[in-house]
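Worksheet: one structure, shown below.
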Amino acid sequence: MISSFPPRSWAGIDDVVILGGGLAGLFCALKLAPRPVTIITGAPIGEGASSAWAQGGIAAAVGPGDSVESHLADTIAAGAGLVDARIARGMAAEAADRVHDLLEYGVPFDRDLDGALRLSREAAHSQRRIVRVSGDMAGKAIMSALVAAVRRTPSIRVLEGFVGEQLRTEGQYVTGVVARDRRGGLSDRLHFATRAVVLASGGIGHLYEVTTNPPEARGEGLAMAARAGALIADPEFVQFHPTAVDIGTDPAPLATEALRGEGATIVDSEGRRFMLEIHPDGELAPRDIVARGVHEARRSGRGAFLDCRSAIGGSFPERFPTVYASCRAAGIDPVGDLIPIAPAAHYHMGGVHVDARGRSSLDGLWACGEAASTGAHGANRLASNSLLEAVVFAARIAEDIQGLLPNHKMVPWPDAPAGEARFAEAGDDDAMRMLRATMSRDVGVVRTRTGLVEALAIFSDLGHQARSPAMKNALVVARLVASAALARQESRGGHYRSDFPEADPVFARRTFLTLADAEQAARHAIAA
């Protein structure tokens with residue numbers, strides 16, 4: 001059993017607790033209705049979640065000439081040999097039903113004049129199958145519709161301003177959650193005794209200096225599960241989006257891949273389209289290849305820019321309003337100017353290992369969304385499969401919980417803790433800045449053994465100094481990613497080792513490890 005801080009108060013027995021207020025968490029809660037559910041989220045629902053920032057959309061084979069098998073083939077190709085084909089096929093097959101669910105919840109997906117869903121194409125897709133909203137506003141529109149649905153569902157209680165910190169266990173069974181009140185200090189905690197916990201707490205992008213993820217994306221759910229002994233899968237595979245808008249903000253605004261799907265090109269400071277020299281698909285090559293191309297152009301001093309002038313031109317404000325607003329706020333007019341870009345930590349293919357029903361290796365614990373690793377993405381996520389995976393597995397988890405725990409407990413909920421809703425955390429301290437800089441330098445787009453060992457040594461030193469639970473959780477995730485990256489002596493998908501630049505058939509397998517495994521590997525590497 002994991003020791004924990006004494007809770008501030010006991011909140012009674014909660015039938016189901018969902019950690020995270022993004023797409024996966026809200027969709028799961030709605031699918032569980034009218035079963036009582038408590039959603040714990042560090043920010044107001046609809047905010048602080050990467051889902052709300054997604055610009056592309058949802059991949060679904062719903063257009064003429066498209067098929068589940070074609071979607072599956074593209075997913076497998078992008079996943080660089082590590083996709084679980086059974087999982088990916090099931091995900092693609094359920095896409096149309098989940099899109100229909102979202103329509104029922106009020107998501108205003110784009111339609112053509114005949115009323116059919118308007119579809120776009122993104123990198124590594126062989127067909128136009130991306131269901132979007134107003135060009136680049138899918139995430140915001142989906143979250144807005146689901147937040148409204150959650151607000152009008154009486155069986156769902158939302159506790160905003162609380163961050164999951166630790167899982168309580170008895171043997172292999174998860175029995176509760178300790179959550180920290182962001183408005184208070186170390187003593188301000190609530191303990192939730194549970195029958196089921198669903199981790200939908202998002203990714204790890206904010207552990208890197210340049211990221212498109214919100215500040216809440218620091219892998220706390222992943223760390224909680226790892227500390228409880230859960231099996232972790234594929235933590236070394238981090239996807240870097242190649243076209244974050246490089247204007248020095250944290251997080252960095254995203255220039256959606258749909259821009260390249262509509263013909264935008266990537267050039268250096270001399271106007272040369274260098275991606276055509278790297279891959280025959282040029283700007284529409286898999287994201288890891290484009291990210292490395294942009295990384296090298298910037299490292300060599302040539303710079304990297306997105307050129308939308310010919311392909312998008314004057315229609316930019318109407319077709320891609322989110323990107324346009326971000327650029328204009330930085331003094332860039334994308335109608336006539338090049339957009340400076342940089343690779344940014346964007347999506348984690350790794351996470352808590354789950355099966356086809358979203359069950360983790362611990363009883364009573366499920367995971368979905370970016371906190372989970374289902375095997376659907378392999379070593380490199382296909383564009384716009386993330387929102388699809390989130391809703392598919394959220395629905396499966398809801399069905400599984402209903403089947404396993406058919407008689408829900410109707411326990412009166414106490415009043416939510418009183419207090420002014422102040423959600424903003426303090427900025428990064430020196431330790432967190434060091435961690436983020438180290439992750440970007442040594443565990444980023446390009447990795448080497450020397451850099452990874454140095455990173456593990458730095459994380460060890462930071463661990464001796466860490467006092468806050470948030471920093472301790474961040475270091476857990478950092479060690480998992482770096483240890484797995486050190487062990488994988490090859491390059492595959494989102495993991496690139498310049499000292500092992502080719503894929504090795506010996507490593508054509510997924511990674512499975514526990515926190516104890518990662519810590520042992522780190523100790524051996526540092527001592528060597």
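Bear in mind that the values in this text are calculations on the coordinates, not laboratory data. For clarity, every value in this text was computed on a predicted model and none was experimentally measured. No Cβ is skipped: glycine too gets one built from the backbone with ideal geometry, and neighbour counts run over all protein chains shown.
The table for this structure:
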{"item": "Amide proton proximity set for Ala367, modelled H, under 5 Å, gap of 5+", "result": "Leu199, Ser360"}
{"item": "Radius ratio Rg over Rh of the range 165-282, counting only Cα atoms, Kirkwood formula for Rh", "result": "1.14"}
{"item": "Euclidean distance of C-alpha centroids, the range 450-528 and the range 248-313, integer Å", "result": "29 Å"}
{"item": "Simple label model, 7 Å out from Cα along Cβ direction - Ser498 to Ala116, nm", "result": "4.8 nm"}
{"item": "For the range 90-102, Karplus couplings with θ = phi - 60° (6.51, -1.76, 1.60), whole Hz, Gly/Pro x", "result": "x, 4, 5, 5, 8, 4, 4, 5, 6, 4, 4, 4, 5"}
{"item": "Computed FRET value (nearest 0.05) for Leu276 with Leu404, which takes r as the C-beta separation and R₀ as 56 Å", "result": "0.60"}
{"item": "Förster radius 25 Å - calculated FRET efficiency between Asp250 and Glu318 (Cβ-Cβ, nearest 0.05)", "result": "0.30"}
{"item": "Fraction of beta bridges assigned by DSSP in the chain that are antiparallel (%, nearest 5)", "result": "60 percent"}
{"item": "Ascending count of other beta-carbon atoms within 10 Å, so fewest first, for Thr175, Thr438", "result": "Thr175, Thr438"}
{"item": "Estimated 222 nm signal from helices in the chain, with DSSP H stretches of n ≥ 4 weighted -39500 (n - 2.57), rounded to 500", "result": "-10000 deg cm²/dmol"}
{"item": "Sorted by Cβ neighbour density within 10 Å, fewest at the top, the residues Trp366, Trp53", "result": "Trp53, Trp366"}
{"item": "Förster-model FRET efficiency, 56 Å R0, Ala96 and Thr514, C-beta, rounded to 0.05", "result": "0.90"}
{"item": "Residue-wise HN-Hα coupling along the range 227-244, computed from phi with Karplus coefficients 6.51, -1.76, 1.60 (Hz; x: Gly, Pro)", "result": "5, 7, x, 5, 6, 10, 10, 6, x, 6, 8, 10, 8, 9, 6, x, 10, 6"}
{"item": "Rounded, prolate or oblate (a/c below 1.5 giving rounded, otherwise prolate when a/b exceeds b/c) for the range 430-527 by Cα gyration tensor", "result": "prolate"}
{"item": "Listed residue (Ala304, His353, Gly375) projecting farthest to the positive dipole end of the range 296-386, Cβ model", "result": "Ala304"}
{"item": "Ranking of Tyr496, Tyr173 by count of other Cβ atoms within 10 Å, fewest first", "result": "Tyr173, Tyr496"}
{"item": "Protection-proxy order for peptides 338-351, 116-129, each taking the mean of Cβ atoms within 10 Å per residue, highest first", "result": "338-351, 116-129"}
{"item": "Amide H contacts of Gln166 (H built 1.01 Å from N, under 5 Å, at least 5 apart or other chain)", "result": "Val178"}
{"item": "Normalised per residue, the volume of the convex hull around the Cα set of the range 241-343 (Å³)", "result": "89 Å³"}
